[in-house]
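**Q** Please find one structure pasted underneath; my questions will follow.
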Amino acid sequence: MELYYIIFSLVLLSCFFEKAPNQIKKRVIIIWCIFFTLFGGLRWKIGGDWEQYYEHFIRSSWNNIFNYDRYGNGSETLEPGFVFINVLIKSIFGKFYIYNLIVCAFTQYTFYKFSYRFTPQKPILMYVFLMIMVGNYFPVRAGLALTIAFWAYQFIEERNLKKFLIVIAIAVSIHYQCIVLLPFYWLNRIEFNYGIYSILYAVFIAFGYVFQSYFIELTLLTGGDIAEKAYHYTQFETVGKTGANYASWGLNYILTIIYLYFYKKNKDKFSNKQWINLLINMAIAHSLIYVVFSEGMGDLTRLATLLIPAKAILFVMCYLYFMKSKYGIIRIMTFTYVFGYLAYQVSKTCDWYFFEEANVPYKTIFGYNLL
């Protein structure tokens, strides 16, 4: 697992290039984009659910796009958009590693564009945050859907409902979980303060299991494939997903309080106040989803990943704000906290229960190249 720790430690250290000229910063990000495209695209027989995704690629055809039997027993069908992408790439290129290269390249291109679109002053910090917090270097279905959902953030900011709905529809056709992002387009006018958020956070922690039962009832009301899959996640939990991570709960709470402080201090300066307020609401929703489902329904915490882009934007914006403080101690504390927070996340890179079994040793399509 040392290989993965080394890679992500080097990704973190890339932040020191933020003071370099813009052309050098672009090159640093592009080099990492190329690296992770090849690192994820050329791997072979490693990564989460490798055998399953390889089988999907082999079995997908133009005849089963809308009725692909995921497990071969009629219990569940795969989202048609995901099957279509597999069939399309297989029909043109015929190779699974080409599919992986294309998905990885699309992910890296999205992270690159997202970094420069929302935080052009600190694009490396944004890219590093996304790679450490989202990862997505080995393509899976949920990761591909999340990458597509990234593009919805631009249309939320621009208030372009038509393009937003198109992006969400495409993302949902890959993985139904992306439907969670849909209501946030309209949640830009609700404002929280420290007290209300703190009370809400405490309530959700205390009554997590109660909220879980309401979630089950809600999923049953929706009906169809979405309801079936959501209900499945409420009843079964992947090994290693069980149990609360109290350190993460605490860090999420502290970060959200910082975001609220940043919003309060700069509220009258924002050219698009509702956009920043919406990002705050998304960060709050991320925290609440995490505390509710991490005990008992750990698999559903993946819903929170759809809101990580909002946290990423706020994270970098707050860093820029506090680093402009006239007080040196504030700048030192900001740098220390940001670097320490990301270093802590790097230390969790290989925490997944089956990580070593699924990803070690790293192997490529060349077979003989074992690292």
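**Q** For the peptides 136-143, 342-349, what is the packing order when you average, over each peptide's residues, the other Cβ atoms within 10 Å and list the highest mean first?
**A** By packing density, highest mean first, the sequence is 136-143, 342-349.
**Q** Sequence-distant or interchain residues sharing an amide H contact under 5 Å with T77, placed H: which?
**A** Under 5 Å from the amide H of T77 lie the amide H atoms of R70, each far enough along the sequence or on another chain.
**Q** Taking all protein chains as present, what is the carbon and sulfur share of the accessible area of the chain, in % to the nearest whole number, probe 1.4 Å?
**A** Accessible surface attributable to carbon and sulfur in the chain totals 65 percent.
**Q** For segment 150-207, which chymotrypsin sites (Phe, Trp or Tyr not before Pro) are both in a DSSP coil and crowded by at most 14 other Cβ atoms within 10 Å?
**A** F207
**Q** Assuming 0.36 nm per residue, please report the length gained on full extension of the stretch N67 to W249 beyond their Cα-Cα distance.
**A** 61.5 nm
**Q** Rounded, prolate or oblate for segment 43-91? Axes are the square roots of the Cα gyration tensor eigenvalues, ordered a ≥ b ≥ c, and the cut-off for rounded is a/c under 1.5.
**A** oblate
**Q** Note down the magnitude of the dipole of the chain about its Cα centre, charges +1 on Lys and Arg C-beta and -1 on Asp and Glu C-beta and zero elsewhere, to the nearest 20 debye.
**A** The calculated dipole for the chain is roughly 1800 debye.
**Q** Let me ask something else. Using the charge dipole of the chain (Lys, Arg: +1 at Cβ; Asp, Glu: -1 at Cβ; taken about the Cα centre), state which of T301, Y327, V180 has its Cα farthest towards the positive end.
**A** Y327
**Q** Now, a different point. Give me the accessible area per residue for segment 19-60, probe 1.4 Å, as a whole number in Å².
**A** 53 Å²
**Q** From the helices alone, meaning DSSP H stretches of at least four residues, give me the mean residue ellipticity at 222 nm for the chain, per-run term -39500 (n - 2.57), in deg cm²/dmol to the nearest 500.
**A** Helices in the chain give a 222 nm mean residue ellipticity of -21000 deg cm²/dmol.
The values are calculated or read from the model by the stated rules, or taken from the named source; none is laboratory data. Values in this document were obtained by computation on a predicted structure and should not be read as measured data. Glycine gets a Cβ as well: all are built from the backbone with ideal geometry, and neighbour counts include every protein chain shown. Note: accessible area is taken over every heavy atom of the protein model, side chains too, but ligands, DNA and RNA are not part of it. Shrake-Rupley method; radii C 1.70, N 1.55, O 1.52, S 1.80 Å.
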